[in-house]
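Working notes, beginning with the structure itself.
The values are calculated or read from the model by the stated rules, or taken from the named source; none is laboratory data. Quick caveat: nothing in here was measured; it's all calculated off a predicted structure. Neighbour counts are summed over all protein chains in view; Cβ atoms, including those assigned to glycine, are modelled from backbone coordinates with ideal geometry. Side chains included, ligands, DNA and RNA excluded: accessible areas come from the protein's heavy atoms. Shrake-Rupley method; radii C 1.70, N 1.55, O 1.52, S 1.80 Å.
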Amino acid sequence: MSAAAPPIWVGAAVMIAAVLQLRHSWGLPRRSAVQNAIAWGVMLIGTALALVGEGAWGLAVAALCSMATAALLIAYEGWTSPRGKARASNRRAHMLCDQREPYHIGRRLFTFVLTVPIGFGTSLLTALGARAVAGMAGWSDADGNIMALLLLPVFWGFLIFWLLMRPNRRGQFAWLATPAAAGLALIWVGGVL
């Protein structure tokens with residue numbers, strides 16, 4: 001490690017203190033906006049100190065220390081909390097069909113096809129459209145490619161969420177067609193210019 005390494009550990013200690021402050025704040029009988037603000041402010045200070053120390057690596061180390069502290073606090077609270085008296089719910093959220101209900105395998109398979117391969121293709125077209133815009137803006141090929149690779153899973157996750165939340169197929173097709181058409185148009189314009 002370099003001579004700038006101590007701010008990493010100071011940042012990690014400050015972030016651990018922020019996690020402890022958050023735990024204290026959340027354990028109060030009433031919610032305290034001031035206590036929460038202090039904890040999040042201390043977390044920002046720890047983040048800044050870790051970034052000054054070693055940049056992204058320092059932030060990763062300090063964040064790992066704060067997450068480990070939070071995990072230990074959660075484990076302790078779970079271990080020492082009294083057992084609940086209420087029984088767990090036996091209710092199902094329509095995950096399984098009743099014995100007399102049809103399984104609707106075709107409908108479920110079609111939903112899978114819409115969200116996974118077709119949703120992936122739509123997200124790929126959208127990411128390539130964003131890459132075409134980056135190329136038109138003067139970005140280098142490497143930067144545009146990396147941006148497209150980073151945007152692809154973000155677009156795909158967002159698209160899958162919205163596809164699964166649509167109550168009918170018409171809404172699903174609209175959510176697939178609109179970004180795909182926009183991506184194709186941007187790719188075409190980027191190829192022409």
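Rounded, prolate or oblate: pick one for the range 127-180, where a ≥ b ≥ c are the square roots of the eigenvalues of its C-alpha gyration tensor, a/c under 1.5 means rounded, and failing that, prolate if a/b is larger than b/c, else oblate.
In terms of gyration-tensor shape, prolate.
How much length would be gained if the chain were fully extended between ARG83 and ARG30, taking 0.36 nm per residue of separation minus their Cα-Cα distance, in nm to one decimal? It would help to have the intermediate numbers written out before the result.
Values: separation 53, 0.36 × 53 = 19.08 nm, distance 2.33 nm.
Using 0.36 nm per residue and subtracting the Cα-Cα distance, I get 16.7 nm.
So what's the back-of-envelope 222 nm ellipticity for the chain, counting only DSSP H runs of four-plus at -39500 (n - 2.57) apiece and dividing by all residues, rounded to 500?
Result for the chain, helices only: -26000 deg cm²/dmol.
Please give the contour-minus-distance gain from VAL154 to LEU193: 0.36 nm per residue of separation, less the Cα-Cα distance, rounded to one decimal in nm.
Working: separation 39, 0.36 × 39 = 14.04 nm, distance 2.71 nm.
Value of the extension gain: 11.3 nm.
Enter the accessible area per residue of the chain (Å², integer; probe 1.4 Å; all protein chains in place).
On a per-residue basis, 71 Å².
How large is the dipole of the chain about the Cα centre if only Lys and Arg carry +1 and Asp and Glu carry -1, each at its Cβ, rounded to the nearest 20 debye?
Computed about the Cα centre, the dipole is about 1240 debye.
Rounded, prolate or oblate: which fits the range 61-173 when a ≥ b ≥ c are the square roots of the eigenvalues of the alpha-carbon gyration tensor, with rounded for a/c under 1.5 and prolate only if a/b beats b/c?
Values: a/c = 4.32, a/b = 1.23, b/c = 3.52.
It comes out oblate by the Cα gyration axes.
Accessible area of the chain with a 1.4 Å probe: how many percent of it is carbon plus sulfur?
The computed percentage sits at 71.
Report the full-extension gain for the segment ILE105 to LEU73: residue separation times 0.36 nm, less the Cα-Cα distance, to one decimal in nm.
Here the answer is 7.1 nm.
Among (i) 167; (ii) 225; (iii) 128, only one was calculated for this model; which label is it, if the read-out is volume of the Cα convex hull per residue in Å³?
(ii)
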